[in-house]
Structure formats: structure tokens, C-alpha cells
Amino acid sequence: MSQPPVWYEHIHTCKQTGARLGRVHTPHGTFMTPAFMPVGTQASVKGMSPEEVSGMGAGIILSNTYHLWLRPGSEIVAKAGGLHKFMNWNGAVLTDSGGFQVFSLAKPKDIKEEGVKFSSHIDGRKLFLTPEDSMKIQNDLGADIIMAFDECCPYPSEYDYADRSQARTTRWLERCIASHKNPDTQALFGIIQGSMYPELRKKSAEAITSFDLPGFAIGGISVGEPKELFLEMIDCTVPLMPEDKPRYLMGVGTPDYLIEGALRGVDMFDCVLPTRMGRHGTILTDYGKKIIRDKKHAEDFGPMDPECGCYACKNYSAAYVRHLIKANEMFGLRLCTYHNIYYLLKLMERVREAIAEDRLGDFKEEFYKRYYGN
């Protein structure tokens with residue numbers, strides 16, 4: 001059997017926690033795991049150049065199928081030579097299926113077996129998206145990893161609805177596999193659903209992982225549920241996923257959730273959090289969020305994060321960045337965004353180092369003392 005276009009290489013298991021250190025190999029390079037993937041929704045990590053994101057150590061970024069389908073259109077990206085050439089990014093790219101955005105725009109009655117009817121967030125026009133459409137768009141975009149079209153349940157969801165939804169997600173996966181045109185160059189990942197019901201998570205995991213795909217994802221969590229429920233869903237899902245393939249937890253990006261996911265054996269994470277917070281003048285630190293735009297930083301002439309070695313923190317004061325934000329200078333928001341992406345990428349480096357040294361449990365305990373202040 002030939003090697004899939006994307007494959008996982010295990011390096012070490014943390015003796016203290018069971019967390020795993022590895023590498024994911026793709027047609028556009030290899031990245032170490034556990035890894036955080038910066039999000040470039042519109043084929044751009046907001047406010048950052050590809051060179052800056054690569055220079056921080058990102059080996060893979062995520063782009064959005066739904067948004068690129070609407071603008072500029074997947075055919076245009078294909079004519080440009082695919083996302084890598086279109087956006088001048090030399091590393092790996094993952095595209096989501098568009099499912100999360102579509103279901104946030106659709107009404108439950110508009111979700112049918114054939115596909116989903118919804119209104120464009122841009123101009124309100126009626127649209128219809130099927131699993132086959134999602135595959136066609138993602139084949140055009142040319143990402144290294146593409147995601148199956150799934151149904152993401154809102155929180156909370158009734159049991160019967162969640163059961164029907166996860167079963168439909170499995171049927172849609174079969175259609176995605178049948179319509180995927182580039183299996184030798186693009187790795188299709190299946191997505192496990194089941195809302196907040198352990199028995200449905202188990203049912204979905206067994207069905208989705210029965211397909212011999214290059215990797216698998218956990219979807220439908222971190223959608224507003226309490227942290228205890230979030231952890232319970234990971235605990236009951238990850239052990240059901242293959243050990244020899246990448247495990248991707250979708251839509252997770254807070255420092256504590258990244259550590260908890262890594263501790264449980266997850267390899268890949270993504271979230272818009274660092275760029276969204278940066279655009280609002282807030283940064284991530286080991287001691288929690290820090291709102292740089294607050295008045296108390298008006299005469300703070302030290303770095304935004306004294307423990308950070310990023311370009312923004314090495315070269316500019318919190319007072320200066322606050323001034324830029326208050327003056328509506330985009331450079332201030334760019335500096336906050338730069339710091340946030342750098343911070344999460346470096347946090348994952350620290351997590352990987354702790355796994356390699358069999359001390360991720362100690363790392364979590366020490367980190368939480370700072371992060372939660374006790």
C-alpha cells in the first residue's frame with residue numbers, strides 16, 4: 001500500500017501523562033506535534049504576512065472553504081495554482097469543510113440529506129452546499145489536508161437530534177470519499193461528532209474511523225459547553241481514535257485547552273482566538289489575558305509581556321502599543337496579533353519539550369498556578 005499524502009510519525013510518549021510527541025509529514029513540509037495552526041480564513045492570517053507567520057515557527061495554517069468559495073471563488077484559486085501559490089505560503093495548509101460556518105447560517109429545517117440551504121453572510125443570496133460541493137471546492141483550493149463535510153450540532157442539542165446528526169455526518173463522509181478527486185496529493189480527514197453524549201461520541205468514532213483515512217478530527221466541542229463537559233468529551237473520544245494517525249481537535253486555542261488537549265493525546269489544534277484578541281488590543285500571557293488598550297498601560301514603558309521574546313515585545317513598549325491602538329493606527333493591532341500568534345506557537349514548543357522530558361503533568365500544574373493565579 002502506498003504512503004498517504006499526509007502521515008503521522010510517533011516520536012515519544014510522556015511517561016507522566018501519556019501525551020505524545022510526533023511529526024506530521026505533508027506534501028509541503030513536516031511540522032512537529034502537538035501543534036497549533038494559525039487561522040488564515042481568507043487565505044491570510046489577519047494582519048500578518050506569510051513570512052512573519054513562518055518566521056514564528058508555524059509549519060501549517062488553516063484556511064476556510066466557505067469564505068474562499070464566496071470570495072474570490074475556488075476556480076480563481078485553482079487558476080492561480082492553488083492556495084500555496086495564491087497566498088505565497090510554503091508550508092502546509094489545512095482547509096475546513098465549511099460546515100461550521102454553514103450551520104451557523106442555516107436553520108435546522110434547511111439541513112437535508114442532500115445538503116444545506118443557507119443565506120450568504122455577504123449579500124444574503126440563497127446558497128446550497130453539499131458534501132460533493134465541499135470536496136470540489138477543497139480540491140480546487142489544493143490544501144494538503146482537507147476536511148469532510150459534517151454537521152456541527154449547536155450546544156445544547158437534544159439526544160435524538162445529535163444522534164441523527166452524527167449518523168448523517170457518517171453518510172456525508174462516504175459521499176466525500178467518493179467525490180474526492182486528489183487522494184494521492186490531498187489527505188481527507190473524517191470528523192467525529194455526537195454533541196455532548198459519550199455514547200454518541202463512541203458510535204460516531206467507531207463509524208468514522210472504520211474508513212481508512214489519513215487522519216481524524218474531533219468536531220462539535222468547544223462550542224459553549226462548560227470546561228468539565230469539554231474535557232469529558234475529549235476523554236471519551238481520543239482513546240477511540242487510531243494511534244498511528246494525526247488527531248485534530250477543531251476550534252480550540254486558549255492556553256489551558258491546548259495543554260489539556262495535548263495531555264490527552266491530541267496532535268493538532270486551530271482557533272481564531274489569537275488574531276481576534278489582537279484586533280481588540282488584548283494579548284495572551286502565562287498570567288491570563290492582558291488588555292493593552294486599558295488606561296493603566298498609558299505609562300507602562302516596559303514590554304507588553306516581560307517574559308516574551310517576540311518582535312513586538314522586544315522592540316515596543318505597552319504604552320506605545322496602547323497609544324497606537326487609541327490613535328486607530330493599525331500597527332498597534334498588528335503588534336498585539338503578532339505577539340498572540342507567537343505566544344501560542346511557543347507555548348506548544350514548551351508543551352512538546354515537556355512531553356519529551358516526561359514532565360507534562362508538572363508543566364500543567366506550574367502553568368495553571370500562573371494562569372489562574374493560585
| request: Would you mind checking 112/245; 79/126; 136/227; 85/227 for any pair whose Cα atoms are more than 28 angstrom apart? | output: 112/245; 136/227; 85/227
| query | Mind checking the dipole of region 56-122: about its Cα centre, +1 per Lys or Arg Cβ, -1 per Asp or Glu Cβ, Debye to the nearest 20? | reply | 140
| task | Just check region 11-76 against the gyration tensor rule for me: Cα atoms, a ≥ b ≥ c as the square roots of the eigenvalues, rounded for a/c under 1.5, and otherwise prolate or oblate depending on whether a/b exceeds b/c. | result | prolate
| request: Please work out the average accessible area per residue across the chain, using the 1.4 Å probe convention, and give it in Å². | output: 42
| field | Computed Kirkwood radius, in angstrom, where 1/r is averaged over Cα pairs of region 185-268 | value | 12.8
| query | Quick one: helix 131-141 against the long Cα principal axis of the chain, what's the angle to the nearest 10°, folded into 0 to 90? | reply | 50
| Can you list the trypsin sites (Lys or Arg not before Pro) in region 177-270 that are in a DSSP coil and have 13 or fewer other beta carbons within 10 angstrom? | 181
| task | State the answer as a single residue: which of 265, 153, 173 lies farthest towards the positive end of the charge dipole of the chain, with beta carbon charges of +1 for Lys and Arg and -1 for Asp and Glu, about the Cα centre. | result | 153
| said: Tell me which of 230, 101, 220 sits at the most positive position along the dipole axis of the chain, charges placed on C-beta atoms (Lys, Arg +1; Asp, Glu -1). | reply: 101
| field | Residue-averaged [θ]222 nm for the chain, counting only DSSP H segments that reach four residues, each worth -39500 (n - 2.57) | value | -12000 deg cm²/dmol
| said: Taking a ≥ b ≥ c as the square roots of the Cα gyration tensor eigenvalues, with a/c under 1.5 meaning rounded and otherwise prolate when a/b beats b/c, else oblate, which class fits region 95-165? | reply: oblate
| said: Largest first, please: the extent of the C-alpha atoms of region 128-223 along each principal axis, to the nearest Å. | reply: 37, 29, 22
| said: What value in Å³ per residue do you get for the convex hull of the alpha-carbon atoms in the chain? | reply: 139
| Solitary cysteines of the chain, where the nearest other Cys Cβ is not under 4.7 Å | 14, 152, 153, 176, 236, 271, 310, 336
| request: Sticking with the crude label model, points 7 Å out along Cα→Cβ, report the distance from residue 120 to residue 2 in nm, one decimal please. | output: 3.8
| So what does log10 I(q)/I(0) come out to for region 241-282 at q = 0.19, 0.28, 0.29 Å⁻¹, using the Debye formula with one equal point on every Cα and no solvent? | -0.59, -0.94, -0.98
| note | Those trypsin sites (Lys or Arg not before Pro) from region 115-161 that are DSSP loop and have at most 10 other Cβ neighbours within 10 Å turn out to be 125
| field | Dimensionless Rg over Rh [region 158-199; C-alpha; Kirkwood] | value | 1.11
| message | What does the C-alpha gyration tensor say about the overall shape of region 44-119? Classify as rounded when a/c is under 1.5, otherwise prolate if a/b is larger than b/c, or oblate. | response | prolate
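The values are calculated or read from the model by the stated rules, or taken from the named source; none is laboratory data. For clarity, every value in this text was computed on a predicted model and none was experimentally measured. All Cβ positions, glycine included, derive from the backbone under ideal geometry; neighbour counts span all protein chains shown. Just the protein is used for accessible areas: all its heavy atoms, side chains included, with ligands, DNA and RNA removed. Shrake-Rupley method; radii C 1.70, N 1.55, O 1.52, S 1.80 Å.
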